[in-house]
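Here is the structure we will look at, set down as structure tokens.
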Amino acid sequence: MKIIAFGIRDDEKPFVDQWCQANPGVEVKITQELLTPETVTQAQGFDGVTALQLNPYADEVFEKLASYGIKNFSVRNVGVDGINPQVVAKLGIKVTNVPVYSPAAIAEFTVTQLLNLLRRTKEYDRKMAQGDFRWAPQISRELNQQVIGVVGTGHIGRVAIQIYQGFGAKVIAYDAFRNPELEKTGIYVDSLDELYAQATVVTLHVPLLDSTHHMLDQAAFAKMRPGTLIVNASRGPLIDEEALIAALDSGQIAGAALDVMEDETQVFNHDLGNRKPDYPAFNNLFARDNVLISPHRAFYTDVAVRNMVFESFQASRDLFEKGYSDKEVKF
Ligand code: COI
């Protein structure tokens, strides 16, 4: 079998080598290039394709893969919102993802960023860079005093809940599909409105679907307690950024930690140097002391990267050799 892997970074290479050593029957070609309608031509003659990128995959990519006789595609991450489900279904291409590469990587990062918001780290860093080491006026808030509203109780949301409970915070949760074990603990509220009414922090751990697009909009912010903090390391379009800006301006929202943004592909994982991106909402939010922006890096740990490589390559092999993988995505 021959696999081609697109978008391979230097930090993934040792794991690709390890996987290849454990799978000597599989020939692997890697390229740093992302998978686009132009680069996809390199997949001709291969049996399996893996990729990882923030940019969505063009429909043409799958049309060309199908024309080369390639009927499987394995992403090295969890989110498949960059793939048009109708197109892959029409072409008969099976897609796999890596649903659980390290829930702790994401959950720990969201908690870290919330602590940084509560402790006003950005303001202190800026003050200290100017030689000002005074305490005041950045008095902080304590995590144990917060009511954390966790939206989405999949793998990541559940780890986040455990961590927050370890800090002594009160945690409430909402999910349209409840986890039976968690339900026994009485943590769930019946609606998002109820969660917004009680929480002092709203943290998002749901995928991007039609039903979750702009779930935090003007109406949602208005239902929250004044001074609520927002955490999002899931997908940028869950939040209407213009509505967030207005809610920050009015003080209804006291701060936000954003590891994902609506139009992030023009900024994140690029070195912009001194150039300001042509992205007004990003520039507005990035300039604020009470908004922490990070470049979609919650996933980026040693454990996660290893699992993303190993599990996606294995899924590609399984799909080709067995016609089946337990990582197949049911869109
Ligand atoms: C995902 O796994 O879907 C992520 O958000 C990580 C990113 C590298 C695409």
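Values in this text are rule-based calculations from the coordinates and carry no lab data. Predicted model only: the values in this text are computed from it and were never measured. Ideal geometry is used to build each Cβ from the backbone, glycine not excepted, and the neighbour counts take in all protein chains shown.
Apply the Karplus parameterisation 6.51 cos²θ - 1.76 cosθ + 1.60, with θ equal to phi minus 60°, to every residue of region 258-267 and state each ³J(HN,Hα) to the nearest whole Hz, in sequence, with x for glycine and proline.
Ordered by residue, 3J(HN,Hα) equals 10, 9, 9, 9, 4, 10, 5, 5, 7, 10 Hz.
At 222 nm, what value in deg cm²/dmol follows for the chain if DSSP H runs of at least 4 each add -39500 (n - 2.57) and the sum is divided by all its residues, to the nearest 500?
The helix contribution divided over the chain gives -10500 deg cm²/dmol.
Give me the log10 of I(q) over I(0) for region 103-293 at q = 0.09, 0.14 Å⁻¹, as the Debye formula computes it from C-alpha points; what are the numbers?
The computed values of log10 I(q)/I(0) come out as -0.32, -0.79.
Net charge near V150: determine it from the other residues with C-beta under 15 Å of the C-beta of V150, scoring Lys and Arg +1 and Asp and Glu -1.
After counting each charged neighbour, the total is -3.
For the chain, what proportion of DSSP beta bridges, expressed in % and rounded to the nearest 5, is antiparallel?
Counting only bridges with both partners in the chain, antiparallel ones make up about 5 percent.
Per residue of region 317-326, in order, report the coupling 6.51 cos²θ - 1.76 cosθ + 1.60 (Karplus, θ = phi - 60°) as ³J(HN,Hα) in whole Hz, putting x for Gly and Pro.
Those phi angles translate into 5, 4, 4, 6, 7, 10, x, 8, 9, 6 Hz.
How would K184, K276 line up from fewest to most surrounding beta-carbon atoms within 10 angstrom?
K184, K276
Given a Förster distance of 30 Å, report the FRET efficiency between D132 and E108 from their Cβ-Cβ distance, rounded to the nearest 0.05.
Computed FRET efficiency for D132 and E108: 0.50.
When the gyration tensor of region 77-128 is built from Cα positions, what are the square roots of 5 times its three eigenvalues, in whole Å, from largest to smallest?
Gyration-tensor ellipsoid for region 77-128: 40, 13, 7 Å.
Too long at a 27 Å Cα-Cα cut-off: which of K64/K322; K90/K322; K223/K330?
K223/K330
Report the paramagnetic label zone for F177: residues of region 316-330 whose backbone N is under 19 Å from a point 7 Å from Cα along the Cα-to-Cβ axis.
What the label zone holds, given the 19 Å backbone N cut-off, is 325-330.
Fewest first, what order do F62, F133 take by the number of other Cβ atoms within 10 Å?
Taking fewest neighbouring Cβ atoms as first place, the list is F133, F62.
With no solvent and one point per C-alpha, what does the Debye sum give as log10 I(q)/I(0) for region 137-220 at q = 0.13, 0.16, 0.26 Å⁻¹?
-0.41, -0.61, -1.39
In the calculated pair distance distribution of the chain, what percentage of Cα-Cα distances lie above 38 Å?
Of the Cα pairs, 21 percent sit more than 38 Å apart.
Sorted from fewest to most neighbouring beta carbons within 10 Å, what does the list H205, H296 look like?
H296, H205
Lysines within cross-link reach of K184: Cα-Cα under 23 Å, excluding same-chain residues under 8 positions apart?
List returned: K170.
Rounded to the nearest 0.05, what FRET efficiency do Q18 and K170 have when you use their Cβ-Cβ distance and R0 = 30 Å?
So the FRET efficiency works out to roughly 0.10.
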